1. Pull out the extension gain between A356 and V158, defined as 0.36 nm times the separation in residues minus the alpha carbon to alpha carbon distance; nm, one decimal.
2. Once you place label points 7 Å from the Cα toward the Cβ at D166 and R74, how far apart are they in nm?
3. Determine ³J(HN,Hα), in whole Hz, for all residues of the stretch 247-260 in sequence, where each value follows from phi through the Karplus function 6.51 cos²θ - 1.76 cosθ + 1.60 and θ = phi - 60°; x replaces Gly and Pro.
4. Please work out the average accessible area per residue across the chain, using the 1.4 Å probe convention, and give it in Å².
5. Please give the contour-minus-distance gain from T318 to E235: 0.36 nm per residue of separation, less the Cα-Cα distance, rounded to one decimal in nm.
6. Trypsin sites (Lys or Arg not before Pro) within the stretch 283-385: which are DSSP loop residues with at most 12 other Cβ atoms inside 10 Å?
7. Say a site is exposed when it is one of the chymotrypsin sites (Phe, Trp or Tyr not before Pro), sits in a DSSP loop, and has at most 13 other Cβ atoms within 10 Å; what is then the longest site-free stretch of the chain?
8. Counting only protein heavy atoms and using a 1.4 Å probe, what share of the accessible area of the chain belongs to carbon plus sulfur, as a whole percent?
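The values are calculated or read from the model by the stated rules, or taken from the named source; none is laboratory data. Just so it is clear, the structure is predicted and the values come from calculations on it, not from any experiment. Cβ placement follows ideal geometry from the backbone for every residue including glycine, while neighbour counts extend to all protein chains displayed. Just so you know, the surface numbers come from the protein's heavy atoms only, side chains and all, with ligands and any DNA or RNA stripped out. Shrake-Rupley method; radii C 1.70, N 1.55, O 1.52, S 1.80 Å.
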Amino acid sequence: MTDPQPSALIQNYARQDIAFVRGQGCTLWDESGRSYIDAFAGVAVSALGHGHPGLVAAITRQASALAHISNHYRIPEQEALARQLVALTFPGQVLLCNSGAEANEAALKLVRLWGNVKHAGRKTRLIAFQGAFHGRTLGALSLTANPKYREPFAPLPVVEFLPFGDVAAAEAAIRDDVAGVFIEPIQGEGGVHPTPPGFLGKLRELCDRHGAVLVFDEIQTGVGRTGKTWCWQHEGVQPDIVTSAKGLGGGLPIGAIVAAPHLAALFTPGLHGTTFGGNPLACAAAQVVLGEIAKPGFLAHVTAMGERLRQGLATAFTGCDVRGKGLLLGVQLDREPGSVVAAARAEGVIVGPSGANTLRLAPALIITAAEIDELVKRLARAWAAIRAKT
Ligand SMILES: *Cc1c(COP(=O)(O)O)cnc(C)c1O
């Protein structure tokens, strides 16, 4: 049902003409009451599915007690969440914010401080990779005039982009003047491309040799999505900073970074902050999510369901490359994914695009084998119908 009036919303999204009004687990219902299997989870966000009882109870309890205070005061829910996060990550300290982009901004500012405070501005270069996605802020600081906020982080960011997975290019570019290297262990928005085996380890080695900060953006790949708490744990290569968001709040907006102690200590009082960051409500939600993924068997379930989905997709999309890990999977198509997303929806399955020609699946981590089998059957039908037409 399209609203007959012109929208009061800025049209910055090419939205599909459908509105969901309710969700339970991996099922969504639209306005007309039709149900769908949700294999996208609001872009890998609803890690525990919709309406998870423990999550609902914690949010409800916290909303009644105290939803927001401010970072002018101690917030016990932040303390508890940070302890949980560190225990699942590496010895370090946590900064909480509201989104993925903000988590990466915080990491960027720490990297800048590392270059400026520790190396008197001799480490200024920033490295990232072609095809990467790290968020949509315009480097908010570059618009902020007050020197008190700007000067510790100058020069404001100019980033060099290297070919993804190219060892020789990394060896040539990462030298003593590099402050930080940013990478997604699997490029989530750029087509679900895993880093080639050994590449993260190579970056670790180069960053160690040249004193650069290694940042893993695990905003999409983290919090259990690939069958480990963090994707880097598949290869045992640890970053200096990890950035997180998306699944962390199970649907409430929260972002976080975990930074190694020598970096975390650079954020002294007043250098960084946010009004909402880590408010009690968002923290209560994230505590439930981390509590669930740490339960015995949870990650094994993600791995098993991921394998089942991968095999199902390989059959449904015979001849197409299926990439990714755990429950972050991409199917390489021979066309733009839009028509396939629409056909899947007509069959009652919600999936999404990634990059130019990739179909992305990122269902809730609690998805069942029966749901996977059913959604694969429906996707096979959708794809067969499209292939029959073209
Ligand atoms: C989604 C995403 C971001 C940005 O997160 P927002 O919450 O949309 O700002 C950054 N990096 C990666 C890898 C992401 O998937």
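1. Net length gain for the segment: 68.7 nm.
2. 5.2 nm
3. x, 4, x, x, x, 8, x, 7, x, 7, 10, 10, 10, 4
4. Each residue of the chain exposes 44 Å² on average to a 1.4 Å probe.
5. Numbers: separation 83, 0.36 × 83 = 29.88 nm, distance 2.91 nm.
Between T318 and E235, full extension yields an extra 27.0 nm.
6. Numbers: sites: R308, R310, R323, K325, R335, R345, R360, K377, R378, R381; in loops: R335.
Within the stretch 283-385, the qualifying trypsin sites (Lys or Arg not before Pro) (loop, at most 12 other Cβ atoms within 10 Å) are R335.
7. On the way: sites that count: Y13, Y73.
Answer from the scan: 74-390.
8. Within the chain, the accessible surface is 57 percent carbon and sulfur.
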